[in-house]
Amino acid sequence: MSPDSKTHRATLQGNHVESTEAMTVVISPHPDDAVLSCWDVLTRPDVRRVVTVFSGIPASDARPSAWDRLTGASDAVSRASARREEDRRALAIADCTPTHLDFLGSTHRTETLDTAALRAAIRRSVADADVMWVPAAIGGHPDHIAARDAALEARGSGTCFLYADLPYAARFGWPDGHSGLDVAGWLTAQATGIPVDSPIFGDYRTTLLSDSKKASKIAALKEYQSQFTALQVSAGNGFPTGPEWSYEVFWPIQNQASSD
């Protein structure tokens, strides 16, 4: 795919996003989050860049986190560096390039997150974006919440969408949920809980990946070699080949210009 083919403007048409001329940027809290939750978007021609927020390299004397140890790492620095490389390889399958910000994830932070610096860094990274895709922070992970809130405050008046965070969003069934549980209400309640003036437009929209697109998503996920086994075990439900993992969910949200 040539770079010129990735310059189109995204507009919502029913459950689909159609493109004319523009630049779209996807915000990913960690390496792998955009691929897990937003693959259909990443493969669209207007999407070229992913801003991976919490991809900082810990200090040389940092101890491996519990998650590092679970996934077989004995050195925090080499694991963080390896995850950046995995991110580059995975996103290259969608012809996307990551911008890795230097903020440490919650498992390695020893000081309070500087939210002003986070907003400023994201604002610089999306300065040329007409459209942003932002994690909804389903499941309440602190890094996802921080990335979401900073991105929404930095977005300006462009078009914006929230995407449901997998595998957290599939906890009670996906995408429709189990009988007797209002999974749609649970998802939307979290998406509407954002502490900024960014109301969502009604219920979530569902995307069903084609067989070929699902196969390319699985290939990209396997590039996250350090994380793949843990993701399989924690996600369950036949991840990533089971039928429910063919779905991705998003909400359009009202832009700031029209919410005044």
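Values in this text are rule-based calculations from the coordinates and carry no lab data. Just so it is clear, the structure is predicted and the values come from calculations on it, not from any experiment. Neighbour counts run over all protein chains shown; Cβ positions are idealised from the backbone, glycine included.
When each of the peptides 143-154, 32-43, 119-130, 58-69 is scored by how many other beta carbons lie within 10 Å of its residues on average, the order from highest to lowest is 32-43, 143-154, 119-130, 58-69.
Note that the stretch 44-58 has calculated 3J(HN,Hα) couplings of 6, x, 8, 9, 10, 10, 10, 9, 8, 7, 9, 10, x, 9, x Hz, one per residue in order, obtained from phi through the Karplus relation 6.51 cos²θ - 1.76 cosθ + 1.60 (θ = phi - 60°); glycine and proline are x. Close amide H partners of Ala137, meaning residues 5 or more places away or on another chain with modelled amide H under 5 Å apart, are Asp165.
I need to check one value: relative contact order of the stretch 34-114, counting alpha carbon pairs closer than 8 Å and at least 6 residues apart, in percent.
Result for the stretch 34-114 is 43 percent.
Distances between placed amide hydrogens fall under 5 Å for Tyr204 paired with no residue 5 or more residues away or on another chain.
Do any chymotrypsin sites (Phe, Trp or Tyr not before Pro) in the stretch 69-172 lie in a DSSP loop with no more than 14 other beta carbon atoms within 10 Å, and if so, which?
Sites meeting the loop and neighbour criteria: Phe172.
Annotation: amide H-H contacts under 5 Å for Thr159 (H modelled 1.01 Å from N, sequence separation of 5 or more, or interchain): Met132.
Rounded, prolate or oblate for the stretch 18-149? Axes are the square roots of the Cα gyration tensor eigenvalues, ordered a ≥ b ≥ c, and the cut-off for rounded is a/c under 1.5. The shape class here is prolate.
For the pair Ala184 and Ser60 in one chain, pulling the backbone fully straight at 0.36 nm per residue adds 40.2 nm over the alpha carbon distance. Scalar couplings 3J(HN,Hα) for the stretch 209-222, obtained by applying the Karplus form with A = 6.51, B = -1.76, C = 1.60 to θ = phi - 60°, are 6, 5, 4, 5, 5, 5, 4, 5, 5, 4, 4, 5, 4, 5 Hz; x denotes Gly and Pro.
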